[in-house]
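Engineer: Pasting a structure below so you can have a look.
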Amino acid sequence: QKGGFKHFMLKEISEEDEALANTIYAHIFNDKINMDIDEELLKKTDKITIVACGTSYYAGLTSKYFFEELLSIPVNVEIASEFRYLKPIFTQNSIFIAISQSGETADTKESLNLAKSFGVKTISIVNVQESTIARLSDYVLYTLAGPEISVASTKAFVCQLAMLYLFALKIAQLKGIEIKPYLNELMSLPSILKTEFSRLNTEVEKIAKKYANVKNFMYLGRGLSYPLALEGALKLKEISYIHAEGYPAGELKHGPIALIDENTPTFVIAPNFEPLYSKTISNANEVKARNGKIILLSDKFSNIADDFVQVPNTSYFFSAFVNIVPLQLFAYHIANILGNDVDQPRNLAKSVTVE
Ligand code: M6R
């Protein structure tokens, strides 16, 4: 059942290449993106509101950078439990997107109902077929991650991100924007993940052994690596029960740097993309000056790193797909070393159907 893996979580991380390929190729034919959504609606979209919880929220937040770069339309990403009690501001041609692996999350469902009550067209990105959120929305885009058993969401995250990128590319295509280079890079990702999984797994396990007794971690990133820092910290908290903070790297000096000492290591997620790379490394230097250890995730080495995970080279906007893997693996290995119930961590449920 676990395919030779000790836990579903590791099995599910190892399946990310296949999940991604299934999700992407279901929508691409002859370099065109097919989605069963009214094209007139997509062409005139002038605002996108994305609502979700937890890891699904971080997938939404990561995609915002790509949407806005590609389409130059505002994208608001909101936490469902907050959004549902707001007075939302929709434009005439707004689209609302709910993201949910389970399709049953109570706050996400109520946010969808709120958007519908304003007459906004709704799209859901869900993994579980025929789930409540899928049934309630005007259009459904299914991620084809397959069943995700482990409470910690992993392969669903990469599929959600891929679906959001595909959706952005679909709108771009309708607007006559050249999408071929982006599409090619998206299609190259499954084989990159397939090739790199076991190397990353071995390297990250070694690093996890070094840090298994640490009580506090910091995660830093800029641009779209910022939501990844939040997701890395969430993964570690939920399965290893270790305190972790995710921050935009530039915010460090506005408070959280006070937490740094020799016992608080920092994950630095720094894709080789200027000026973000140099700025992030300079933040890592500030950590180093306070005796903090640096675990660097990047496609470019820096001697600031105490531990370095070389991630495969991609362009900046696609770096999230490769950087997420070592973050998930690190949380997994720490929790496993600590002897925790990795797939069913304390106090958590796979699907949160109460508010
Ligand atoms: O099923 P959903 O995607 O709506 O679930 C949302 C969150 O409850 C979920 O992502 C949660 O944060 C996971 N345990 C994260 O690993």
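The values are calculated or read from the model by the stated rules, or taken from the named source; none is laboratory data. All values derive from a computational prediction rather than experimental measurement. Note that each Cβ is placed from the backbone with ideal geometry, even for glycine, and that neighbours are counted across all protein chains shown. These accessible areas exclude ligands, DNA and RNA; they are computed on the full protein's heavy atoms, side chains included. Shrake-Rupley method; radii C 1.70, N 1.55, O 1.52, S 1.80 Å.
Engineer: Do you know which residues across the range 249-273 are out of contact with any strand residue (DSSP E or B) (no Cβ under 7 Å at 6 or more places or on another chain) and either under 19 Å from N313 (Cα atoms) or assigned to a strand (DSSP E or B) (or both)?
Structural biologist: Of everything in the range 249-273, just one residue is out of contact with any strand residue (DSSP E or B) (no Cβ under 7 Å at 6 or more places or on another chain) and either under 19 Å from N313 (Cα atoms) or assigned to a strand (DSSP E or B) (or both), namely F273.
Engineer: Give me the residue from the range 133-162 that is farther than 23 Å from L41 by Cβ and of a type in the set (S, T, N, Q) and, out of that set, nearest to the ligand (Cβ to nearest atom).
Structural biologist: S153
Engineer: If I filter the range 17-33 for residues that are touching a strand residue (DSSP E or B) at 6+ places or on another chain (Cβ under 7 Å), in contact (Cβ under 8 Å) with a residue 40 or more places away in the chain and not in a helix (DSSP H, G or I), do I get at least one hit?
Structural biologist: Within the range 17-33, one or more residues are touching a strand residue (DSSP E or B) at 6+ places or on another chain (Cβ under 7 Å), in contact (Cβ under 8 Å) with a residue 40 or more places away in the chain and not in a helix (DSSP H, G or I).
Engineer: Which of the following residues is crowded, with 18+ Cβ neighbours inside 10 Å and under 18 Å from the mean Cα position of the chain (by Cα): V140, V77, V120?
Structural biologist: Within the list V140, V77, V120, the selection yields V77.
Engineer: Select from the range 305-355 the residues that are assigned to a loop (DSSP other than H, G, I, E, B) and open to solvent by less than 10 Å² (accessible area, probe 1.4 Å) and write down the one among them that is nearest to the ligand (Cβ to nearest atom).
Structural biologist: Among residues in the range 305-355 that are assigned to a loop (DSSP other than H, G, I, E, B) and open to solvent by less than 10 Å² (accessible area, probe 1.4 Å), the one nearest to the ligand (Cβ to nearest atom) is P345.
Engineer: Determine which member of the set I207, I239, I171 is under 17 Å from K293 (Cβ atoms) and in a helix (DSSP H, G or I).
Structural biologist: Matching residue, one of I207, I239, I171: I207.
Engineer: Follow-up question, since we're still on this one. Could you tell me which residue of the range 259-297 is nearest to the chain's Cα centre (by Cα), considering only residues that are over 20 Å from A233 (Cβ atoms) and of a type in the set (S, T, Y)?
Structural biologist: That would be Y277.
Engineer: Tell me which of these V77 doesn't satisfy, since it passes every other one: (1) within 15 Å of the ligand (Cβ to nearest atom); (2) without any contact (Cβ under 8 Å) to a residue 40 or more places away in the chain; (3) assigned to a loop (DSSP other than H, G, I, E, B).
Structural biologist: Going through (1) within 15 Å of the ligand (Cβ to nearest atom); (2) without any contact (Cβ under 8 Å) to a residue 40 or more places away in the chain; (3) assigned to a loop (DSSP other than H, G, I, E, B) one by one, V77 breaks only (3).
Engineer: Pull up the range 235-257, narrow it to residues that are of a type in the set (A, V, I, L, M, F, W, C) and more than 15 Å from A212 (Cα to Cα), then point me to the one that is most open to solvent (accessible area, probe 1.4 Å).
Structural biologist: I257
Engineer: Residue under question is L114, and the condition is that it be away from the ligand (no atom under 15 Å from the Cβ), open to solvent by 10 Å² or more (accessible area, probe 1.4 Å), under 27 Å from Y182 (Cα atoms) and not in a strand (DSSP E or B); does it hold?
Structural biologist: Considered against the rule, which asks whether it is away from the ligand (no atom under 15 Å from the Cβ), open to solvent by 10 Å² or more (accessible area, probe 1.4 Å), under 27 Å from Y182 (Cα atoms) and not in a strand (DSSP E or B), L114 comes out as no.
Engineer: Select from the range 54-74 the residues that are away from the ligand (no atom under 14 Å from the Cβ) and polar (S, T, N, Q) and write down the one among them that is surrounded by the fewest Cβ atoms within 10 Å (Cβ to Cβ).
Structural biologist: S72
Engineer: If you don't mind, there's one more thing I want to ask. Taking the residues in the range 117-158 that are assigned to a helix (DSSP H, G or I) and in contact with a Ser or Thr (Cβ under 6 Å, 6 or more places away or on another chain) as candidates, determine which candidate is nearest to T353 (Cα to Cα).
Structural biologist: I133
Engineer: Can you tell me which residue within the range 274-293, out of those that are closer than 18 Å to S319 by Cβ and among the β-branched types (V, I, T), is most open to solvent (accessible area, probe 1.4 Å)?
Structural biologist: Result: I281.
Engineer: In addition: Go through the residues of the range 43-55 one by one and say whether even a single one is within 30 Å of P88 (Cα to Cα), modelled with pLDDT of 95 or more, part of a helix (DSSP H, G or I) and within 14 Å of the chain's Cα centre (by Cα).
Structural biologist: Yes, the conditions are met somewhere in the range 43-55.
Engineer: Related question: Only residues in the range 188-216 that are of a type in the set (F, W, Y) count as the first member; pair them with residues that are buried (at least 17 other Cβ atoms within 10 Å of the Cβ) and in a helix (DSSP H, G or I), Cβ under 6 angstrom, at least 6 apart or cross-chain, and list the lot.
Structural biologist: Taking only residues 6 or more apart or on different chains, the pairs are F197/S14.
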